[in-house]
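J.: One structure, as structure tokens, below. Some questions next.
What follows is calculated from the coordinates using simple rules that are stated; it is not laboratory data. Fair warning: this is a prediction, and the values are worked out from it, not measured in the lab. Please note: Cβ atoms are built from the backbone with ideal geometry, for glycine as well, and neighbour counts cover all protein chains shown.
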Amino acid sequence: MSLTEAQRESFRRRFCEVAEAQFSGPVESEVIDCAALLRYAYRMALAGTGVNPLFDTEQGRRHFADAKNLKFRNSVFVSRHERAALAGDLLFYMQLEQDQPYHAMIHLGPSARSVVYHTGAKPGEVRRLTIEELMRHPDPRWRPTPGNASFLGVHRWKILT
């Protein structure tokens with residue numbers, strides 16, 4: 001099912017609101033890593049729309065998808081430039097030294113110039129940073145710049161394309 005422009009805008013707004021609420025309020029128990037934050041916000045943003053909130057995986061359509069499947073099977077590449085991101089777009093990273101090498105952040109849009117993400121570390125937490133703070137991150141692998149090999153770029157949910 002393809003969404004109308006009004007539905008896409010509603011999804012973007014709601015997706016960002018739900019994700020940001022995980023930062024400002026108590027975190028839902030299922031939000032245990034970056035992929036869980038994306039899945040939870042996605043499902044909540046689609047609640048009541050009639051759109052099935054399943055994810056494409058190697059095993060077919062499922063309720064669960066890890067960050068790798070969210071990147072490769074449920075979103076499309078937009079740009080290596082963070083400024084191309086719209087509200088609700090995803091910033092993906094690859095950290096080869098980690099057990100789960102794919103990581104994602106939710107871009108809150110050009111006007112907010114912020115991201116929300118789950119640290120993934122146990123117990124982990126949801127954080128909100130401005131793009132400026134992210135660009136000055138002490139570990140350069142987290143900076144969303146085209147020259148950063150760890151930054152895989154801006155991606156957009158397939159349902160928004």
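J.: Scan segment 137-161 and report the pairs whose first residue is among the acidic types (D, E) and whose second residue is assigned to a loop (DSSP other than H, G, I, E, B), with Cβ atoms within less than 9 Å and a gap of 6+ or a chain change.
T.: Here the result reads none, with nothing in segment 137-161 linked to a residue that is assigned to a loop (DSSP other than H, G, I, E, B).
J.: In the set T119, T161, T145, which member is among the hydroxyl-bearing types (S, T, Y), under 23 Å from A21 (Cα atoms) and surrounded by fewer than 20 Cβ atoms within 10 Å (Cβ to Cβ)? Lay out the reasoning, then the answer.
T.: On the way: T161 fails: under 23 Å from A21 (Cα atoms); T145 fails: under 23 Å from A21 (Cα atoms).
Going through T119, T161, T145 in turn, just one is among the hydroxyl-bearing types (S, T, Y), under 23 Å from A21 (Cα atoms) and surrounded by fewer than 20 Cβ atoms within 10 Å (Cβ to Cβ): T119.
J.: If I ask for residues that are surrounded by 18 or more Cβ atoms within 10 Å (Cβ to Cβ), of a type in the set (D, E, K, R) and part of a helix (DSSP H, G or I), which ones from segment 44-98 would you list?
T.: K71, E82 - these are the residues of segment 44-98 that are surrounded by 18 or more Cβ atoms within 10 Å (Cβ to Cβ), of a type in the set (D, E, K, R) and part of a helix (DSSP H, G or I).
J.: What's the total number of residues in segment 99-112 that are surrounded by fewer than 16 Cβ atoms within 10 Å (Cβ to Cβ) and either in contact with a strand residue (DSSP E or B) (Cβ under 9 Å, 6 or more places away or on another chain) or in a helix (DSSP H, G or I) (or both)?
T.: The qualifying residues number 2.
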